[in-house]
1. Quickly run through region 132-182 and pick out the residues that are polar (S, T, N, Q) and touching a helix residue (DSSP H, G or I) at 6+ places or on another chain (Cβ under 7 Å).
2. How many residues does region 51-110 contain that are of a type in the set (A, V, I, L, M), over 19 Å from Asn141 (Cα atoms) and in contact with a Pro (Cβ under 8 Å, 6 or more places away or on another chain)?
3. Considering every residue within region 191-209, establish whether at least one is assigned by TED's automatic domain parsing to the domain that holds Trp127, exposed (fewer than 15 other Cβ atoms within 10 Å of the Cβ) and not in a helix (DSSP H, G or I).
4. Which members of region 129-156 meet the condition of being touching a Phe, Trp or Tyr at 6+ places or on another chain (Cβ under 8 Å) and part of a helix (DSSP H, G or I)?
5. Of the residues Leu129, Leu216, Leu145, Leu158, only one is outside the structural domain of Phe239 (by TED's automatic domain parsing) and crowded, with 21+ Cβ neighbours inside 10 Å; which?
6. Looking only at region 220-232, which residues are surrounded by 15 or more Cβ atoms within 10 Å (Cβ to Cβ) and either modelled with pLDDT of 95 or more or charged (D, E, K, R) (or both)?
7. Taking helices (runs of 4 or more DSSP H) that do not extend beyond region 74-125, which have at least 2 residues that are in contact (Cβ under 8 Å) with a residue 60 or more places away in the chain and either assigned by TED's automatic domain parsing to the domain that holds Gln139 or within 24 Å of Phe260 (Cβ to Cβ) (or both)?
Amino acid sequence: MKKVLFIYFSQSGQLEEIAQAIAKPMIADQKAEIDFYEIKMVHQFPFPWTADAFFNAFPESFQQIPEEIHPPAPHILQTNYDLVVLYYQVWYLTPSIPINSFLKSEYAEKILGNRSVITVSGSRNMWALAQDKVKVLLQKNNATLVGNIALTDRHHNLISVITIVDWMFSGKKRKAYGIFPKPGVSDAEIKGATKYGDIIARHLGIGNFASLQQELVKSGAVDYRFFLVSMDQKGNRMFKIWSSIILKNKTKRKRLLVVFKYYVVFAIYVVSPLVYLVELLLYPFLYFLKYKKERQHYEGI
């Protein structure tokens, strides 16, 4: 019987729901033994967030500075899994501190080394460069990436900012102010994630993942949007500067984080719409020079 491990860290419970949905077909057909490993941090992050805690997590999150995690259960470390499915959130265009901490821990290679791995992200919408960072860490742990699923909030970028902020700071997945759509990955898409579980189970059964990603993409597992990747790239450049300045000026950290907060608001509501218009005008000229290759990269593994 095949053995599969699902690894996740979930503050709101959304990633756990996604993990359960994808695991459902494998559990139902009883052809695989399923284990779930929830990463536990020694220092726990709050949910709902406070504004201070949320922005204070920025420099270490973006710079991928790990923190201590509690050890996995002994049987997790001792089992030789046929497949590992790694679920992660995106914090500040980067895999979350808990996921980053796991991937940089002493336990990661014991669990992931020489294993086939599928990554599953649940994010607002900018996941692309975070996935590139996860790939680097998987390679360092001698894991083989065989598939990727990127589930996002499908609503307009500016609308999703409003709804995700309400969710993070209230702890309630609701219609913000009674007029906006619910935040995060939609309930219908979470329930529909069982289709990815069916595809994965079929490839697991035959022991061949060669065409897995192609099938996942055809089923809607990856939503590439050129504008969001462009914003992701620009955001990474600016976040690198900001995080470096904040980490180097420890005595001014609080004041710098306040300035950074206003910079983020300005970038989202003023800069991003302007960038979108420019990118839209340039799209026909950049398609073959940039976007076609970019799509192939992010729809692949």
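1. Passing the criteria: Asn141, Asn142, Asn148, Asn157, Thr163.
2. 1
3. Looking for residues that are assigned by TED's automatic domain parsing to the domain that holds Trp127, exposed (fewer than 15 other Cβ atoms within 10 Å of the Cβ) and not in a helix (DSSP H, G or I), one finds at least one in region 191-209, hence yes.
4. Scanning region 129-156 gives Ala130, Gln131, Val134.
5. Of Leu129, Leu216, Leu145, Leu158, the one residue that is outside the structural domain of Phe239 (by TED's automatic domain parsing) and crowded, with 21+ Cβ neighbours inside 10 Å is Leu216.
6. Answer for region 220-232, where residues must be surrounded by 15 or more Cβ atoms within 10 Å (Cβ to Cβ) and either modelled with pLDDT of 95 or more or charged (D, E, K, R) (or both): Ala221, Val222, Asp223, Arg225, Asp232.
7. Helices (runs of 4 or more DSSP H) meeting the threshold: 97-103.
The rows are residues; the columns are (1) of a type outside the set (Gly, Ala, Ser); (2) under 18 Å from Phe62 (Cα atoms); (3) out of contact with any Asp or Glu (no Cβ under 7 Å at 6 or more places or on another chain).
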position	(1), (2), (3)
Lys191	yes, no, yes
Asn208	yes, no, yes
Glu215	yes, no, yes
Arg225	yes, no, yes
Met238	yes, yes, yes
Val258	yes, yes, yes
Lys261	yes, yes, yes
Ala267	no, yes, yes
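The values are calculated or read from the model by the stated rules, or taken from the named source; none is laboratory data. Note that this is a predicted model, so its numbers are computed, not measured. Here Cβ is always computed from backbone atoms with ideal geometry, including for glycine, and neighbour counts include all displayed protein chains.
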